[in-house]
Amino acid sequence: VTQAGSPVATELIERVLAGERRAVARLISLIENGADGVEEALARLYPATGNAYTVGITGASGSGKSTLTDRLVAAFRAGGSEVGVIAIDPSSPFTGGAILGDRVRMQGHATDRGVFIRSMATRGHLGGLALATPQAIRVLDAAGKPWIFVETVGVGQSEVEVVEATDTTVVVVNPGWGDSVQANKAGLLEIGEIFVVNKADRPGTREAMRDLEQMLEFGHRGAGWRPPVLAAVAAEGTGTAELREAILAHRRHLEEGGGLAAERRRRAADEVRRIVMERAAAAARRCCTGAAFEALVDAVAGRSLDPYAAARSIEGV
Ligand SMILES: Nc1nc2c(ncn2[C@@H]2O[C@H](COP(=O)(O)OP(=O)(O)O)[C@@H](O)[C@H]2O)c(=O)[nH]1
Ligand SMILES: [Mg+2]
């Protein structure tokens, strides 16, 4: 909290809109920390967003997402596009390890002004990743990055929500039966639009591709799009060009069929719903503390009031 009313300076917004790296980094930090004034800042950026195309990259930890993302960044840069990358790391408040790992792996682009790479934790942000990521994406979008990659850390529910908020979702698995089964269990087969069997230098790649194809026969929900299953050796850059082509093809598919606008509208509904639910939950948490609340609990515990009557008596619930 700084000045009353407008903790995020107008100047910072203007610098973000001008594509200034330090301003972009600063605003993402404010989002990450759930700082006051972020909502207002985002409201001012919002009209300048919607131009970026977003790609989510998910899969188990260690499957090669960062390595693959790094190669993709190079491929898109070679195609002339500026690129933004957000690497989500929910565990970083405790370890910081994954952030360092991503930075090291992506440092090939450290001196390229056309690339903005940012690791993001979500400490302090109510609603967590699912609410913070779209905001961070918008900052890069408003700053003029036409391609934005979002790399998740693992395959939990919040990662699924994160990649669901992107235009194209890439799911990375490794050779071997277990990975595809895990991806299936995590709900990734339903949301993936492109599948990559990375570490194809290892045995079992063809089997993994075939298993995936079979599971996808009845697992995918996207109308008119058959998710391709690709092989890659990210460590050597093999398969990157094919992955870029697949991303471009999926984008064309969405744009030509009117699906992109419909998808984004659906996501807008999801996001508003999520914000409303988060607000309601926060309001409920506030109501359930303090002396008046404790008195109600006493009454319920003493059997003079039933729990539903107690809940009804709390204002706003
Ligand atoms: N053998 C092999 N190793 C790879 C390949 N791609 C990435 N790796 C290695 O797998 C490890 C995890 O990679 P990383 O990109 O950090 O995975 P992430 O946790 O999914 O982001 C690193 O040691 C990489 O060097 C690959 O194609 N083949
Ligand atoms: Mg990674």
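The values are calculated or read from the model by the stated rules, or taken from the named source; none is laboratory data. Just so we're clear, the structure is a prediction, and the values are computed from it rather than from any experiment. Cβ: placed from backbone, ideal geometry, glycine included. Neighbour counts: every protein chain shown. Heavy atoms of the whole protein, side chains included, go into the accessibility calculation; ligands, DNA and RNA do not. Shrake-Rupley method; radii C 1.70, N 1.55, O 1.52, S 1.80 Å.
Quick notes
- Test: residue in the stretch 172-185 that is within 14 Å of ligand 1 (Cβ to nearest atom), among the β-branched types (Val, Ile, Thr), modelled with pLDDT of 80 or more and open to solvent by less than 30 Å² (accessible area, probe 1.4 Å): yes
- Yes/no for GLU161 being within 22 Å of GLY224 (Cα to Cα), open to solvent by 30 Å² or more (accessible area, probe 1.4 Å) and touching a helix residue (DSSP H, G or I) at 6+ places or on another chain (Cβ under 6 Å): no
- Taking every residue in the stretch 232-245 that is of a type in the set (Ser, Thr, Tyr) and pairing it with any residue that is open to solvent by less than 30 Å² (accessible area, probe 1.4 Å) and more than 9 Å from ligand 1 (Cβ to nearest atom), at least 6 positions away or on another chain, the pairs with Cβ-Cβ distances below 7 Å are THR240/LEU72; THR240/ALA75.
Results for (1) farther than 22 Å from GLU164 by Cβ; (2) part of a helix (DSSP H, G or I), shown as yes or no for each residue.
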| position | (1), (2) |
| --- | --- |
| ARG26 | yes, yes |
| GLY34 | no, no |
| ARG44 | yes, yes |
| PRO47 | yes, yes |
| SER61 | no, no |
| THR67 | yes, yes |
| GLY80 | yes, no |
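- Taking each residue of the stretch 199-211 that is over 12 Å from LEU230 (Cα atoms) and looking for partners that are open to solvent by less than 100 Å² (accessible area, probe 1.4 Å) and of a type in the set (A, V, I, L, M, F, W, C) with beta-carbon atoms closer than 6 Å, six or more apart or interchain, yields ASP201/VAL233.
- Residues within the stretch 265-307 that are within 21 Å of ALA165 (Cβ to Cβ) and without any contact (Cβ under 8 Å) to a residue 60 or more places away in the chain, tallied: 11
- Boolean, ALA310 is free of Cβ contacts under 8 Å to residues at least 24 places away in the same chain, in a helix (DSSP H, G or I) and open to solvent by less than 60 Å² (accessible area, probe 1.4 Å): yes
- Some residue of the stretch 206-223 being under 22 Å from the mean Cα position of the chain (by Cα) and of a type in the set (S, T, N, Q): no
- Hey, VAL153 aliphatic (A, V, I, L, M), touching a residue at least 24 places away in the same chain (Cβ under 8 Å), surrounded by 24 or more Cβ atoms within 10 Å (Cβ to Cβ) and in a loop (DSSP other than H, G, I, E, B) or not: yes
- Breaking point among (1) in a loop (DSSP other than H, G, I, E, B); (2) within 19 Å of GLN135 (Cβ to Cβ); (3) open to solvent by 30 Å² or more (accessible area, probe 1.4 Å); (4) at pLDDT below 95, for SER92: (3)
- Positions within the stretch 246-261 being open to solvent by 60 Å² or more (accessible area, probe 1.4 Å) and without any contact (Cβ under 8 Å) to a residue 12 or more places away in the chain, in sequence order: ARG252, GLU255, GLU256, ALA261
- Subset of the stretch 37-80 (residues that are within 23 Å of ALA9 (Cα to Cα) and crowded, with 23+ Cβ neighbours inside 10 Å): ALA41
- Test: residue in the stretch 199-222 that is closer than 30 Å to GLY128 by Cβ and loosely packed, with under 15 Cβ neighbours inside 10 Å: yes
- Scanning the stretch 30-68 for residues that are of a type in the set (Gly, Ala, Ser), under 15 Å from THR133 (Cβ atoms) and out of contact with any strand residue (DSSP E or B) (no Cβ under 9 Å at 6 or more places or on another chain) yields a single hit, GLY34.
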